[in-house]
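Peer 1: After the structure tokens below, expect a handful of questions from me.
The values are calculated or read from the model by the stated rules, or taken from the named source; none is laboratory data. Computed from a prediction, not measured in an experiment: that's the story for all the values here. Counting neighbours? That spans all protein chains shown, and the Cβs are built from the backbone with ideal geometry, glycine included.
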Amino acid sequence: MSYSALILAGGRGRRLGFCEKALVEIKGKPLISFVIRSLEKVVDEIIISVRDEAQGELFKMIFPDLRYAYDLYENTGPLAGILSGLSICKNEYCFIAACDMPFINEKAVDMLFSKCKDHDAAIPRWGDGFLEPLHAVYNCRSMMNETKKSLEKRETTIIAPVLRLKINYVPVEEIRKIDPDLTTFMNINTCEDIERVDS
């Protein structure tokens, strides 16, 4: 079976001084390149969600061979990117990730794809109930339909459409068997995070 991946890169990097977060350099390479490199091992199609044409042109100079989706809604957080990205997916299932997760474990992603069969989503869940909806696999049609409904109702949190899906909750402890330090969930939000990872 063929799979897709959608990387959300349309954020404005507020905590990093409004720079292009996905293009911040880690070890001499754009942050998003680490995400791409991991996902290329698992999926047949990678889509980058950007906020507008200007941002898209910037990314295309570095990653000309990838597909791009452009937000149709403004100021709606990740849901706009999810909707535009899923609308051009070629495959039935898509792994959705934030652009700031440089250590995504391809074996964990592969597991989530297998766990999504017969469900609308396979989402990691921590022991306290906290979900990882931006490190999860979705049935494209189901998630797209529910995301449309959320945007029409002006619900802008990622969890709004997610909780209306038939979800296979995957315990994080199961993922820990593949990724003992759970670095797959690590994200970069601050300059201190960059320094820690880049050192």
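Peer 1: crowded, with 16+ Cβ neighbours inside 10 Å, modelled with pLDDT of 95 or more and farther than 17 Å from P30 by Cβ: does that describe Y68? Full working, then the answer.
Peer 2: Working: crowded, with 16+ Cβ neighbours inside 10 Å: yes; modelled with pLDDT of 95 or more: yes; farther than 17 Å from P30 by Cβ: no.
No: the conditions fail for Y68.
Peer 1: Right, another one. When the residues of region 103-139 are filtered to those that are under 24 Å from A22 (Cβ atoms) and in contact with a Cys (Cβ under 7 Å, 6 or more places away or on another chain), which remaining residue is surrounded by the most Cβ atoms within 10 Å (Cβ to Cβ)?
Peer 2: Restricting to residues being under 24 Å from A22 (Cβ atoms) and in contact with a Cys (Cβ under 7 Å, 6 or more places away or on another chain), the top hit is Y138.
Peer 1: crowded, with 19+ Cβ neighbours inside 10 Å, out of contact with any Gly (no Cβ under 9 Å at 6 or more places or on another chain) and either charged (D, E, K, R) or at pLDDT below 95 (or both): does that describe L31? Lay out the reasoning, then the answer.
Peer 2: Numbers: crowded, with 19+ Cβ neighbours inside 10 Å: yes; out of contact with any Gly (no Cβ under 9 Å at 6 or more places or on another chain): yes; either charged (D, E, K, R) or at pLDDT below 95 (or both): yes.
Taking the combined requirement at face value, the residue satisfies it.
Peer 1: Going through L39, L112, L66 one at a time, which residue ends up being in contact with a helix residue (DSSP H, G or I) (Cβ under 9 Å, 6 or more places away or on another chain) and over 25 Å from D181 (Cβ atoms)? Don't jump to the end; show me each part of the working.
Peer 2: Details: L39 fails: over 25 Å from D181 (Cβ atoms); L112 fails: over 25 Å from D181 (Cβ atoms).
It is L66.
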